[in-house]
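One structure is given here, and the rest of the page talks about it.
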Amino acid sequence: MASVKFYLDKRRANQNGEYPLKLAVWHRKTFLVSLDISIPEKNWIGNKIEGDIKNKTFINSYIQTRFSAVQNYLLTLKLWGKLDQITPEILKKLIEKLNPTDDSGSIADIEVEKTEKVVGENYLFRDHAVKFIESRNAKGTKATYQYTLDTLAKLYDLDRLTFSDIDYDWLEDLDIKLRPTCKVNTRSIHFRNIRAIFKNATKKKLVSKDLYPFEDFSIKNEETMHRNLSIDDMRTLRDYPVEPHQEGYRDLFMLLFYLIGINVVDLLHAESIQNGRLQYRRAKTGKLYDIKIHPEAMKIINKYSPGKKYLLNFLDNYQNYEDFRSRFNKNLKQIGPSEWISAKSKNGRPIKKKVITPLFPFLSSYYARHTWATFASDLDIPEKTIKMALGHGSRTVTDIYVNFDIRKVDEANRKVIDYLNGK
């Protein structure tokens with residue numbers, strides 16, 4: 001039997017510190033119906049408004065009328081044998097349209113509503129998510145979506161979670177559950193992943209667009225710290241007398257910068273240079289890149305090529321790329337002056353300990369890309385050219401035919417490198 005009760009939604013207060021009062025209706029699952037009223041928590045006592053509240057008598061009468069109308073409506077649907085034919089989504093729409101002072105004719109509307117089959121209402125979210133993840137090409141992309149699915153598995157029963165369960169209230173509930181362990185941008189990733197899976201299911205006609213819950217739900221983002229070095233920092237890093245074991249890592253970082261912030265995995269798996277240019281498809285997106293190799297970049301390439309399998313030899317002594325990337329970023333963070341000091345071991349023996357004062361303890365490979373983009377912006381290079389250099393946006397038919405973008409990108413990269421060189 002369906003049921004209804006009052007629910008003071010204390011998940012988020014308004015600017016006056018009041019909480020919205022709603023009706024919580026249970027029919028296969030719980031959904032909320034707004035009463036368009038907000039009150040302080042202290043004034044909600046025993047399913048009625050108490051205390052010094054303006055128009056208290058009228059408001060109490062109004063909410064009791066709404067409550068009784070819904071309660072009677074559910075009972076009538078049950079007696080007429082129509083309740084079991086209605087999905088929670090349709091029932092919610094019917095209740096929201098219900099006139100609390102005159103519900104005549106409302107039942108007749110069910111004859112139309114019940115025949116509208118909601119596609120995908122019982123389709124398990126997990127089942128489509130697994131298929132969606134398997135269809136992705138990039139390993140990193142698969143891992144990101146799997147991370148979201150694993151996170152949901154800790155919070156919900158994925159054997160029962162259907163697409164119809166994922167409505168606005170469910171998204172708000174998920175946001176609340178994620179807050180203790182996930183920052184804003186991590187929660188944003190999860191919501192974008194859920195949205196992508198949902199959209200894919202609707203595009204394949206497996207789930208009705210009527211179930212899509214993201215029209216009103218806002219995915220919040222928090223501006224991240226800019227990951228770029230200043231021009232002086234870049235010159236310091238380029239010219240710093242690094243220790244012998246750090247030289248290759250520093251040179252690789254500079255090569256990333258000279259090649260417009262190319263992704264590490266793409267550079268290390270490049271096999272050859274054609275006509276002074278590096279052409280490759282980015283592993284993450286499959287997009288084609290074509291970068292002119294300027295002398296500064298060629299000098300480093302010549303220093304570390306050929307490798308046993310690839311253009312560069314950085315992966316020659318590593319089992320896989322992930323091992324090298326971890327070592328690469330760790331060593332970037334340790335570049336800086338060091339000294340040996342006297343210390344004691346755990347058992348009290350005197351030892352010498354190496355203490356490093358990192359120049360850039362936050363440095364990682366991503367800084368090459370962000371720094372290139374920042375320098376390009378400082379030089380007033382057009383935003384369109386910067387986006388094309390970084391692989392953002394799409395190329396028009398005109399761009400493809402006249403190679404306008406490639407020429408402009410080549411010129412922009414030369415300007416950025418000259419800027420670093422002090423020209």
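The values are calculated or read from the model by the stated rules, or taken from the named source; none is laboratory data. All values reported here derive from a predicted model rather than from experimental measurement. Here the Cβ positions follow ideal geometry from the backbone for every residue, glycine too, while neighbour counts run over all protein chains shown. The protein model used for the area step is the full one, side chains on, heavy atoms only, and it has no ligands, DNA or RNA in it. Shrake-Rupley method; radii C 1.70, N 1.55, O 1.52, S 1.80 Å.
Under the condition of being assigned to a helix (DSSP H, G or I) and of a type in the set (D, E, K, R), which residue from segment 80-90 is surrounded by the most Cβ atoms within 10 Å (Cβ to Cβ)? Even if it seems obvious, please write down each step before you answer.
First, the residues of segment 80-90 that are assigned to a helix (DSSP H, G or I): 83-85, 88-90.
Narrowing further to those that are of a type in the set (D, E, K, R): 84, 89.
Values: Asp84: 11, Glu89: 18.
For segment 80-90, the residue satisfying everything is Glu89.
Could you look through segment 26-61, keep only residues that are in a helix (DSSP H, G or I) and free of Cβ contacts under 8 Å to residues at least 12 places away in the same chain, and pick out the one that is most open to solvent (accessible area, probe 1.4 Å)?
Kept after step one, since they are in a helix (DSSP H, G or I), are these residues of segment 26-61: 41-43, 56-61.
Next cut, free of Cβ contacts under 8 Å to residues at least 12 places away in the same chain only: 42-43, 56-58, 61.
On the way: Lys42: 165, Asn43: 16, Lys56: 65, Thr57: 113, Phe58: 147, Ser61: 68 Å².
Per the criteria, the residue is Lys42.
Note down all Cβ pairs under 9 Å where the first residue falls in segment 71-93 and is farther than 19 Å from Val33 by Cα, the second is at pLDDT 80 or above and of a type in the set (Val, Ile, Thr), and they're at least six residues apart or on different chains.
Within 9 Å, the pairs are Lys82/Thr76.
When only residues in segment 217-276 that are part of a helix (DSSP H, G or I) and of a type in the set (Lys, Arg) count, which is farthest from Arg327 (Cα to Cα)?
Only one residue fits best here, namely Arg235.
Would you be able to say whether some residue in segment 298-319 is closer than 22 Å to Asp232 by Cα and aromatic (Phe, Trp, Tyr)?
no
Can you work out which of the residues in segment 183-197 that are in contact (Cβ under 8 Å) with a residue 40 or more places away in the chain and either open to solvent by less than 20 Å² (accessible area, probe 1.4 Å) or charged (D, E, K, R) (or both) is nearest to Val25 (Cα to Cα)?
Ile194
Within segment 333-343, can you find the residues that are part of a strand (DSSP E or B) and either open to solvent by 80 Å² or more (accessible area, probe 1.4 Å) or in contact with a Pro (Cβ under 7 Å, 6 or more places away or on another chain) (or both)? I'd like the intermediate steps shown before the answer.
Looking only at segment 333-343, we keep the residues that are part of a strand (DSSP E or B), and these are 338-343.
Selection gives Glu339, Trp340, Ser342.
Among the residues that make up segment 300-319, is at least one of them in a loop (DSSP other than H, G, I, E, B), touching a Lys or Arg at 6+ places or on another chain (Cβ under 6 Å) and over 21 Å from Met388 (Cβ atoms)?
Yes, segment 300-319 contains a residue that is in a loop (DSSP other than H, G, I, E, B), touching a Lys or Arg at 6+ places or on another chain (Cβ under 6 Å) and over 21 Å from Met388 (Cβ atoms).
Give all pairs with beta carbons closer than 6 Å in which a residue from segment 231-244 that is within 17 Å of Leu379 (Cα to Cα) meets a residue that is open to solvent by less than 60 Å² (accessible area, probe 1.4 Å); count only pairs at least 6 apart in sequence or on separate chains.
Listed pairs, sorted by first residue: Met234/Leu420.
From the set of residues in segment 344-382 that are among the aromatic types (Phe, Trp, Tyr) and open to solvent by 80 Å² or more (accessible area, probe 1.4 Å), which is nearest to Gln334 (Cα to Cα)? Reasoning before the result, please.
So in segment 344-382, the residues among the aromatic types (Phe, Trp, Tyr) come out as 360, 362, 366-367, 372, 375.
Okay, now just the ones that are also open to solvent by 80 Å² or more (accessible area, probe 1.4 Å), so 362, 366.
On the way: Phe362: 9, Tyr366: 16 Å.
Only one residue tops the list, namely Phe362.
Could you check how many residues of segment 135-151 are in contact with a Phe, Trp or Tyr (Cβ under 8 Å, 6 or more places away or on another chain) and in a helix (DSSP H, G or I)?
Of the residues in that region, 1 qualify.
Within segment 108-118, is there a residue that is in a helix (DSSP H, G or I), of a type in the set (A, V, I, L, M, F, W, C) and at pLDDT below 80? Quick ask: steps written out before the conclusion?
First pass over segment 108-118, keeping only residues in a helix (DSSP H, G or I): 110-113.
Still in the running and of a type in the set (A, V, I, L, M, F, W, C): 110, 112.
Adding the requirement that they be at pLDDT below 80 leaves 110, 112.
Yes, some residue in segment 108-118 is in a helix (DSSP H, G or I), of a type in the set (A, V, I, L, M, F, W, C) and at pLDDT below 80.
Name the residue that is most open to solvent (accessible area, probe 1.4 Å), counting only residues in segment 203-212 that are within 19 Å of Val130 (Cβ to Cβ) and without any contact (Cβ under 8 Å) to a residue 24 or more places away in the chain.
If we take residues in segment 203-212 being within 19 Å of Val130 (Cβ to Cβ) and without any contact (Cβ under 8 Å) to a residue 24 or more places away in the chain, then Lys203 is most open to solvent (accessible area, probe 1.4 Å).
Against the definition (at pLDDT below 90, closer than 26 Å to Asp36 by Cβ and outside any helix (DSSP H, G or I)), how does Ser164 come out, yes or no?
Numbers: at pLDDT below 90: yes; closer than 26 Å to Asp36 by Cβ: yes; outside any helix (DSSP H, G or I): no.
Against the criterion (at pLDDT below 90, closer than 26 Å to Asp36 by Cβ and outside any helix (DSSP H, G or I)), Ser164 does not qualify.
So which of Arg250, Arg235 is among the charged types (D, E, K, R), at pLDDT 90 or above and crowded, with 16+ Cβ neighbours inside 10 Å? Break it down into steps so the answer makes sense when it comes.
Values: Arg235 fails: crowded, with 16+ Cβ neighbours inside 10 Å.
That would be Arg250, the only listed residue that is among the charged types (D, E, K, R), at pLDDT 90 or above and crowded, with 16+ Cβ neighbours inside 10 Å.
Restricted to segment 162-182, and to residues that are of a type in the set (S, T, N, Q) and touching a residue at least 12 places away in the same chain (Cβ under 8 Å), which residue is farthest from Glu89 (Cα to Cα)? Before the answer, list the steps.
Filtering segment 162-182 for residues of a type in the set (S, T, N, Q) gives 162, 164, 181.
Next, from what is left, pick out any that are touching a residue at least 12 places away in the same chain (Cβ under 8 Å): 162, 164.
Values: Thr162: 12, Ser164: 7 Å.
Filtering segment 162-182 for residues that are of a type in the set (S, T, N, Q) and touching a residue at least 12 places away in the same chain (Cβ under 8 Å), the one farthest from Glu89 (Cα to Cα) comes out as Thr162.
Pick from segment 317-332 the residues that are at pLDDT below 90 and over 27 Å from the mean Cα position of the chain (by Cα): which of them is least open to solvent (accessible area, probe 1.4 Å)?
Going through the qualifying residues, I end up with Tyr318.
Say we look at segment 328-356 and pick out the residues that are out of contact with any strand residue (DSSP E or B) (no Cβ under 7 Å at 6 or more places or on another chain) and free of Cβ contacts under 8 Å to residues at least 40 places away in the same chain; which of these is nearest to Glu243 (Cα to Cα)?
Initially, segment 328-356 is screened for residues out of contact with any strand residue (DSSP E or B) (no Cβ under 7 Å at 6 or more places or on another chain), giving 328-333, 335, 337, 346-349.
Remaining after also requiring free of Cβ contacts under 8 Å to residues at least 40 places away in the same chain: 329-330, 333, 337, 346-349.
Details: Asn329: 15, Lys330: 14, Lys333: 13, Pro337: 9, Lys346: 28, Asn347: 30, Gly348: 30, Arg349: 28 Å.
So, considering only residues that are out of contact with any strand residue (DSSP E or B) (no Cβ under 7 Å at 6 or more places or on another chain) and free of Cβ contacts under 8 Å to residues at least 40 places away in the same chain, the one nearest to Glu243 (Cα to Cα) is Pro337.
Lys93 - would you say it is at pLDDT below 90, under 33 Å from the mean Cα position of the chain (by Cα), closer than 20 Å to Ser164 by Cα and in a helix (DSSP H, G or I)?
yes
Hey, Gln64 hits all of (1) open to solvent by 50 Å² or more (accessible area, probe 1.4 Å); (2) more than 29 Å from Arg160 (Cβ to Cβ); (3) modelled with pLDDT under 90 but one; which does it fall short on?
All conditions pass for Gln64, except number (3).
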